[in-house]
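The block underneath contains the structure these notes are about, expressed in structure tokens.
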Amino acid sequence: SELFDLIKGKKCNLLKKYEKGSLPYLLIETFENGSINYWTDERQPFVEVEDIVIIADGERSGKVLRFKKGILGSTLLMLKQKDTSYDFRNYAFLVLKSKENELMQHRTGSAIPHLDKSYLADLQIIIPQPPSILKEFNEIVDPIFRIVILNQDEVTTLSSIRDTLLPKLLSGEIRVKVDIEKEFPEEVNKLKKIEEEKVKLQESLDKWLR
């Protein structure tokens, strides 16, 4: 490709938990639902949030992904922009996304499908000229993509909190204070009456135990 270097992901030394200085090891599910199952202390091939990634191996070969940062997994392919004098990754991502079905139909291999890299390399992406047009385009779409990234980060963070809290809540290890009175007014009123009745009964018992 004249515009991009095609960089294949690789198998790395994997860590099951985050360690200081380690980076996320990017798998397909990392892009799809934000889950990070592995970390690595290796530094290449490094993917920036804005880089374009395509699934290279398996049934979903040709699917176009983006918006994650870390070390590229072995079933993925990164498109690294050659000319960095101006950034056309937003534009190229949308073009490739529009051709995703086309990419997924051009595969090699039978038992395990693979992305046809030759077809991808020959795919024509016409970059708007002059560069000022692309600059204006980026000024429009950059905030949109930033919102997408923030929404994904928010979902990932909330999911992480949920996955951490839920087992502890179910086991009784922790309790979360909730404004139950607003959520369940009738039930709370009934509980108060029961508690008042229990206090009276306990006072009566205490008299007998003295």
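Any read-out appearing in this document is the output of simple, stated calculations on the displayed coordinates, not a laboratory observation. The structure presented is a predicted model; accordingly, all values stated were derived computationally and were not measured. Here the Cβ is made from the backbone with ideal geometry for all residues, glycine too, and neighbour counts use every protein chain on show.
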Quiz item: Each label point is 7 Å from the Cα along the Cα-to-Cβ direction; what then is the distance between the points at Lys69 and Ile149, in nm?
Solution: 0.7
Quiz item: Taking K and R as +1 and D and E as -1, what net charge do the other residues with C-beta under 9 Å from the C-beta of Leu79 add up to?
Solution: 0
Self-check item: Point-charge dipole on Cβ atoms (K/R +1, D/E -1) for region 4-127, about Cα centre, debye to 20
Solution: 260
Exercise. Mind giving me the FRET efficiency for Asp122 and Asp5? R0 is 22 Å, r the Cβ-Cβ distance, nearest 0.05 is fine.
Key: 0.90
Self-check item: Per-residue ³J(HN,Hα) for region 13-19, Karplus 6.51 cos²θ - 1.76 cosθ + 1.60, θ = phi - 60°, Hz, x for Gly and Pro
Solution: 6, 9, 10, 7, 10, 5, 10
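I need the calculated FRET efficiency for the pair Glu173 and Ser35, taking r as the beta carbon distance and R₀ as 25 Å, to the nearest 0.05.
Calculated transfer efficiency: 0.60.
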